[in-house]
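**Student:** What follows is a structure written as structure tokens; I'll ask about it next.
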Amino acid sequence: QRTAELAILNSVSEAMVKTLDVKPLITLIGDKVREVFNSDSAIIMLLDRRMNLIHVVYEYDRNEGGYIDYVEPFPLGTGVSSKVISTGKPLLLGTLEEEIANGAYFPPEIIEKGAGFYSQSWLGVPIVSNEQVLGLVALADAKPHAYNESHLNLMQTLSANMGMVIENARLFEMEQQRVSELQLITSLQQKLASKLAFKEMVDIVGDSLREVFKTPNIAIKWYEEKTNLVHYLYVYEHGKRLDLPPQSPPPGSIYKTKKMVIWHTENEGSKVAGKPVPGTDSSKSGLNIPIISNDR
């Protein structure tokens, strides 16, 4: 058994050093863990400590048809995964009844789109780096009592390696992001230093921001105080440019408060940012940043 465990560790370790890109790395780890344990399902979740949200960054369930990429982030404190992340201790559950008794969370997206299948066994182990819990890796299976202490011990050994590798990849990604941001700022300064028409300047800024944030949805708006109208100078939604007429800003809008607005759900967005402009969709998350000059 020990020889088999060492072979598994070597196999997973070899897989983990193949890339420093976070998403491909986590997919690679998840696939390898699922293969090693021959489990129906494998899940990797990471905690966003700033927002206290748990993100499902990898999920595969053969009973649900394979990869699942539509589960929304949910608050820390929800479900058995939160128990593992909050305590930093593994959790081994042998039946669906045990899962429910421990506060199992069944995402509404799975209930709506899934096949209605519920696992009978669940094993979750925290992913730790520098004594801080980053998230967890979990297994689930249709058979009751599919996992035992040996599975748990091996998962803990694997997760210890995962923590270091994932943290290094995230730090590398942050550094790459920082380099991209500096290159963007330098490029913008060079372009905007030339004598361009106002519309050309706005387009350059918008195109650059779309590229650096890798987003198909972005807008640059201009507030005309005299008429109390918001002009939509540059708007992209779902990767297509839109031409929208001027609108009156909602009461208590960013143009008056001059404060950043951020939201994480569709309902939250309608409260803090107002209803979507006619002809556009509502968003499940968003960020509005004021552009300020001379206190205006």
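**Student:** Within segment 40-67, count every residue that is of a type in the set (S, T, N, Q) and under 22 Å from residue 120 (Cα atoms).
**Tutor:** So the count comes out to 2.
**Student:** Go through segment 87-130 and give me each residue that's on the phi > 0 side of the Ramachandran plot and touching a strand residue (DSSP E or B) at 6+ places or on another chain (Cβ under 7 Å). Don't jump to the end; show me each part of the working.
**Tutor:** Residues of segment 87-130 on the phi > 0 side of the Ramachandran plot: 88, 103, 116, 130.
Scanning segment 87-130 gives a single hit, 88.
**Student:** Would you be able to tell me the number of residues in segment 230-258 that are under 22 Å from the mean Cα position of the chain (by Cα) and open to solvent by less than 60 Å² (accessible area, probe 1.4 Å)?
**Tutor:** Result for segment 230-258: 3.
**Student:** Being part of a loop (DSSP other than H, G, I, E, B) and free of Cβ contacts under 8 Å to residues at least 24 places away in the same chain is true for just one of 270, 282. Which residue is that? So that I can check it myself, show each step before the final result.
**Tutor:** Details: 270 fails: part of a loop (DSSP other than H, G, I, E, B).
Criteria check complete, one pass: 282.
**Student:** State all residues of segment 192-204 that are at pLDDT below 80 and surrounded by 12 or more Cβ atoms within 10 Å (Cβ to Cβ); if no residue qualifies, say none.
**Tutor:** Scanning segment 192-204 gives 192, 196.
**Student:** Quick check, is residue 159 polar (S, T, N, Q), over 23 Å from residue 72 (Cα atoms) and under 24 Å from the mean Cα position of the chain (by Cα)?
**Tutor:** Against the criterion (polar (S, T, N, Q), over 23 Å from residue 72 (Cα atoms) and under 24 Å from the mean Cα position of the chain (by Cα)), residue 159 qualifies.
**Student:** Another one. If residue 176 meets every condition in (1) within 22 Å of the chain's Cα centre (by Cα); (2) in contact (Cβ under 8 Å) with a residue 12 or more places away in the chain; (3) under 25 Å from residue 23 (Cβ atoms) apart from one, which number is that one?
**Tutor:** Answer for residue 176: the failing condition is (2).
**Student:** Then there's this: Please find, among 62, 50, the residue that is more than 16 Å from residue 152 (Cβ to Cβ) and more than 22 Å from the chain's Cα centre (by Cα).
**Tutor:** Every option except 62 fails the conditions.
**Student:** I'm trying to understand the selection: among the residues of segment 211-223, which are open to solvent by 60 Å² or more (accessible area, probe 1.4 Å), under 27 Å from residue 250 (Cβ atoms) and not in a loop (DSSP other than H, G, I, E, B)?
**Tutor:** Matches in segment 211-223: 213, 221, 222.
**Student:** Those residues that are open to solvent by less than 10 Å² (accessible area, probe 1.4 Å) and either under 14 Å from residue 96 (Cα atoms) or among the hydroxyl-bearing types (Ser, Thr, Tyr) (or both), I need them from segment 125-139; list them, please.
**Tutor:** 139
**Student:** For segment 259-286, give me the residue count where each residue is small (Gly, Ala, Ser), more than 17 Å from the chain's Cα centre (by Cα) and surrounded by fewer than 16 Cβ atoms within 10 Å (Cβ to Cβ). Before the answer, list the steps.
**Tutor:** Start the filter on segment 259-286 by keeping residues that are small (Gly, Ala, Ser), which leaves 269-270, 273-274, 279, 282-283, 285-286.
Narrowing further to those that are more than 17 Å from the chain's Cα centre (by Cα): 269-270, 273-274, 279, 282.
Among the residues that remain, those that are also surrounded by fewer than 16 Cβ atoms within 10 Å (Cβ to Cβ) are: 270, 279, 282.
Of the residues in that region, 3 qualify.
**Student:** State all residues of segment 37-46 that are open to solvent by 10 Å² or more (accessible area, probe 1.4 Å) and closer than 14 Å to residue 135 by Cα; if no residue qualifies, say none.
**Tutor:** 43, 45, 46
**Student:** Now, a different point. What number of residues within segment 149-191 are exposed (fewer than 12 other Cβ atoms within 10 Å of the Cβ) and within 26 Å of residue 94 (Cα to Cα)?
**Tutor:** 2
**Student:** While we're here: Being within 33 Å of the chain's Cα centre (by Cα) and of a type in the set (S, T, N, Q) is the filter; apply it to segment 191-216 and report the residue that is nearest to residue 178 (Cα to Cα).
**Tutor:** Only one residue fits best here, namely 208.
**Student:** Which count do you get for residues in segment 61-72 that are out of contact with any Asp or Glu (no Cβ under 7 Å at 6 or more places or on another chain) and crowded, with 16+ Cβ neighbours inside 10 Å?
**Tutor:** 1
**Student:** Just name the residue that is least open to solvent (accessible area, probe 1.4 Å) out of those in segment 104-119 that are farther than 22 Å from residue 156 by Cβ, of a type outside the set (A, V, I, L, M, F, W, C) and more than 21 Å from the chain's Cα centre (by Cα).
**Tutor:** First pass over segment 104-119, keeping only residues farther than 22 Å from residue 156 by Cβ: 105-118.
Filter again for of a type outside the set (A, V, I, L, M, F, W, C), leaving 105, 107-109, 112-114, 116, 118.
From what's left, more than 21 Å from the chain's Cα centre (by Cα): 116, 118.
Working: 116: 56, 118: 98 Å².
Here the answer is 116.
**Student:** Let me ask something additional. Return the total of residues in segment 181-210 being part of a loop (DSSP other than H, G, I, E, B) and more than 26 Å from residue 245 (Cα to Cα).
**Tutor:** Our first condition is that a residue be part of a loop (DSSP other than H, G, I, E, B); within segment 181-210, this holds for 194-197.
Narrowing further to those that are more than 26 Å from residue 245 (Cα to Cα): 194-195.
Selection size over segment 181-210: 2.
The values are calculated or read from the model by the stated rules, or taken from the named source; none is laboratory data. What you are looking at is a predicted structure, and each value in this text was computed from that prediction instead of being measured. Glycine also receives a Cβ, built like all others from the backbone with ideal geometry; neighbour counts cover every protein chain displayed. SASA here: full protein model, heavy atoms, side chains in, ligands and nucleic acids out. Shrake-Rupley method; radii C 1.70, N 1.55, O 1.52, S 1.80 Å.
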